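S.K.: This is the structure I want to talk about, given as C-alpha cells.
The values are calculated or read from the model by the stated rules, or taken from the named source; none is laboratory data. Fair warning: this is a prediction, and the values are worked out from it, not measured in the lab. All Cβ positions, even for glycine, are placed from backbone atoms using ideal geometry, and neighbour counts span all protein chains on display. Surface areas here come from the heavy atoms of the whole protein model, side chains and all, with no ligands, DNA or RNA. Shrake-Rupley method; radii C 1.70, N 1.55, O 1.52, S 1.80 Å.
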Amino acid sequence: MDPVEQLIHQPHDPRDPDPWVAMFLDRSLPMNERTKAALLVDQRSRSRQFLLPVMRPMARLAIILFQVVKLFIPNRFTSSKLLHRLLAWGLKVWVSPEANFLILRHFHVGSEILDFIARNAKELNVPTHPLRPTNLGHVKDEIFLQHDLNLFNFVIRLNQALREQGRTLAPPAQLDFSGISDEFPLEPLPHRWTNFLDLQSAIEVFTPVYQLFLTDRDFWRASNSLQLDETIAIYVATLMQAPGLVALVNNRHPLVPLSTMRAGFRLVLHGLSAESMHAFLVECKHGRMPQLARIVAPGLRAPSPEAA
C-alpha cells in the first residue's frame, strides 16, 4: 500500500492515538507529503524497532576499529568505485523501498537547493554539478562521494567569487524558482521479501563500509559535510530575507565539527533538513507562504533593505 494511504486510513482511537499518524497530519514543518509518509512508515518499521538498537553499537565499534587500522595502512583498501558498487547492491537487495525512495530523492533535493542559490546569485557565475539519479543503478557512478564534493566545492566557489568581487551575498531583484521541482522522476524500486532494512539501520551498516573504502580525508569530509546544512540554510535565508529558515536545520555549524561516531544519525537529520528546506522553496514557488508573499510571489521583486 502507498505510504500516504497507510497513514491516512489508519483508524483513530482517542484512547490510543498513533504517534506516527499525528506526525504525518501535523503541518508545522514544511515537507513533501509522499516523502513525509515514506519517512514515517520507514520509522515505524520492525526493522528500525528491533534491528537498529543492535546494529548501531556494532557499527560504531566497527568505525573505531577501522580508524585504528587506517592509522597503519591508511590507503590500502580504498576504492570509491568498489564502494559504490557495494552500496548499489546493498540498496537493491536489502533496503526497503521507502528508504531507497528517500535516498534517491535526496540527491535531487540537494542539487536543486544549490541550484536555487546559484540562480539567485547569477552575477557570481558559480557552477553546479546536479545529481539526478532515477534508479539505484546510478549509485554506481560514485554519486555519494560526488554529493559531498558538490557541497564543499559550491561553498568554496561561491565565497571565492564574493571575495574577488568585494561583495557579500545579497537578495536579488527578483527571486528565481524555475529550478525547483514539485516531484522527481524516480523509477519503481525493488520490493522483494529481502527489502526490509529501514533507512537508519541501513545508514548505520553502510557508514563503516563507507569509512573502510574511502581515504580518511574523504570520510572525514563526508561526515562533516552534514554540518553544512546550516551554512546552506543561511545562504537561502539571506537571498529570501527570511532568517527564520535557519530554524529548519537540526545539524550544527561546521566550524565546530562533531565526531564521526554519530555520522549515521546526523545523516538522517541532514536528509530531514534538506527536505524541509526544499519543501519551503516549493511552497514559496507557488505563493503558498503568506508570511513571505511580498517577496516570493511570482513576478514580485524582493524588497530592498531600506524597504524592509
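S.K.: Of all residues in region 242-282, which are open to solvent by less than 60 Å² (accessible area, probe 1.4 Å) and part of a loop (DSSP other than H, G, I, E, B)?
M.R.: Ala242, Val249, Asn251, Pro254
S.K.: Might you check whether a residue that is among the polar types (S, T, N, Q) and touching a residue at least 12 places away in the same chain (Cβ under 8 Å) occurs anywhere in region 28-39?
M.R.: Residues of region 28-39 that are among the polar types (S, T, N, Q), as a first pass: 28, 32, 35.
Those still in the list that are touching a residue at least 12 places away in the same chain (Cβ under 8 Å) too: 32, 35.
Yes: region 28-39 contains one or more residues that are among the polar types (S, T, N, Q) and touching a residue at least 12 places away in the same chain (Cβ under 8 Å).
S.K.: If you don't mind, another one. Among the candidates Arg85, Arg132, single out the residue that is farther than 23 Å from Phe219 by Cβ and of a type outside the set (A, V, I, L, M, F, W, C).
M.R.: Of the residues listed, the single one that is farther than 23 Å from Phe219 by Cβ and of a type outside the set (A, V, I, L, M, F, W, C) is Arg132.
S.K.: Kindly evaluate Asp18 against the criterion of being open to solvent by less than 70 Å² (accessible area, probe 1.4 Å), without any contact (Cβ under 8 Å) to a residue 24 or more places away in the chain and not hydrophobic (A, V, I, L, M, F, W, C).
M.R.: Taking the combined requirement at face value, the residue satisfies it.
S.K.: Here's another thing I want to ask about it. In this structure, is Ser28 at pLDDT below 90, of a type in the set (Gly, Ala, Ser) and within 23 Å of the chain's Cα centre (by Cα)? Before you say what the answer is, go through the steps one by one.
M.R.: On the way: at pLDDT below 90: yes; of a type in the set (Gly, Ala, Ser): yes; within 23 Å of the chain's Cα centre (by Cα): yes.
So Ser28 passes the test.
S.K.: Give the residues of region 211-221 that are surrounded by fewer than 23 Cβ atoms within 10 Å (Cβ to Cβ), assigned to a helix (DSSP H, G or I) and touching a residue at least 24 places away in the same chain (Cβ under 8 Å), sorted by residue number.
M.R.: Passing the criteria: Leu212, Phe213, Asp216, Asp218, Trp220, Arg221.
S.K.: On to the next question. Looking at Asn120, Asn153, can you tell me which residue is among the polar types (S, T, N, Q) and in contact (Cβ under 8 Å) with a residue 60 or more places away in the chain?
M.R.: After applying the criteria, what remains is Asn120.
S.K.: Taking the residues in region 149-169 that are part of a helix (DSSP H, G or I) and among the β-branched types (Val, Ile, Thr) as candidates, determine which candidate is farthest from Phe107 (Cα to Cα). Break it down into steps so the answer makes sense when it comes.
M.R.: Start the filter on region 149-169 by keeping residues that are part of a helix (DSSP H, G or I), which leaves 149-165.
Now restrict to residues that are among the β-branched types (Val, Ile, Thr): 155-156.
On the way: Val155: 17, Ile156: 20 Å.
Step by step, filter region 149-169, then rank; the result is Ile156.
A quick yes/no check of all residues on (1) among the small types (Gly, Ala, Ser); (2) touching a residue at least 40 places away in the same chain (Cβ under 8 Å):
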residue: Leu131; (1), (2): no, no
residue: Leu136; (1), (2): no, yes
residue: Leu145; (1), (2): no, yes
residue: Asp148; (1), (2): no, yes
residue: Leu158; (1), (2): no, yes
residue: Ala173; (1), (2): yes, yes
residue: Pro188; (1), (2): no, no
residue: Trp193; (1), (2): no, no
residue: Asp198; (1), (2): no, yes
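S.K.: Every residue in region 255-303 that is among the hydroxyl-bearing types (Ser, Thr, Tyr) and at pLDDT 75 or above, please.
M.R.: Ser273, Ser276 - these are the residues of region 255-303 that are among the hydroxyl-bearing types (Ser, Thr, Tyr) and at pLDDT 75 or above.
S.K.: In the list Pro130, Pro172, which residue meets the criterion of being open to solvent by 20 Å² or more (accessible area, probe 1.4 Å), at pLDDT below 95, within 28 Å of Val236 (Cα to Cα) and not β-branched (Val, Ile, Thr)? Before you say what the answer is, go through the steps one by one.
M.R.: Numbers: Pro130 fails: at pLDDT below 95.
Going through Pro130, Pro172 in turn, just one is open to solvent by 20 Å² or more (accessible area, probe 1.4 Å), at pLDDT below 95, within 28 Å of Val236 (Cα to Cα) and not β-branched (Val, Ile, Thr): Pro172.
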